[in-house]
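Since the structure comes first, as structure tokens, the remarks are kept for the end.
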Amino acid sequence: MSQENVEIVKRAQPKGLETGVDMVQLFRGSTALDPAAMGIDVTAYESDFEVEFIASEAGASIRPVSRGPQGFAEGWRDWLEPWESYSIEIEEMIDAGYDVVSLVRVQARTARDAVPVEHRPAAVWSVRDSKIVRVRFYLERDEALEAAGLTE
């Protein structure tokens, strides 16, 4: 069942994430409210799935927990506000039983002063009954791995 969960999470990703996708263009563009145009298989998600963006160290949410596709898009738009570009590339998907951890590489540029930033965050995708029920985006990989019961 675990490998099946990895495949479900892969289907839930925007087209091109394995080679890099600029999330600013994706969520601010005309396709921002059209998951199919983004290459996302919406059937991979439970209709009211939870979305959480978690800051480093304290494990505190950056914004309140959101629900569903609208909450997912709003969360990303909030996160992307200070960025001119925010390109994400998946490095690895880790099977963690009911959870799947996606390790990613980000190359970004701030909207103010065009400062380049590179970091390696992660996300934990919780799957139940073949549907994604919760997504937690972490700024720090070690916190994501710990949340999924893994260590780097």
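Here the accessible area is traced with a 1.4 Å probe on the protein chains. For the chain, carbon and sulfur cover 49 percent of it. The residues of the chain have, on average, 52 Å² of accessible surface per residue, using a 1.4 Å probe with all protein chains present.
Here the mean projected area of the convex hull built on the C-alpha positions of segment 62-152 is 6.2 nm².
Near the amide H of A55, within less than 5 Å, lie the amide hydrogens of A60, S61, I62, all on another chain or at least 5 residues away, with H placed in the peptide plane.
The values are calculated or read from the model by the stated rules, or taken from the named source; none is laboratory data. As the structure is a computational prediction, the values presented were derived from the model and not from experiment. Remember, those area values only see protein heavy atoms, side chains included, never the ligands or the DNA or RNA. Shrake-Rupley method; radii C 1.70, N 1.55, O 1.52, S 1.80 Å.
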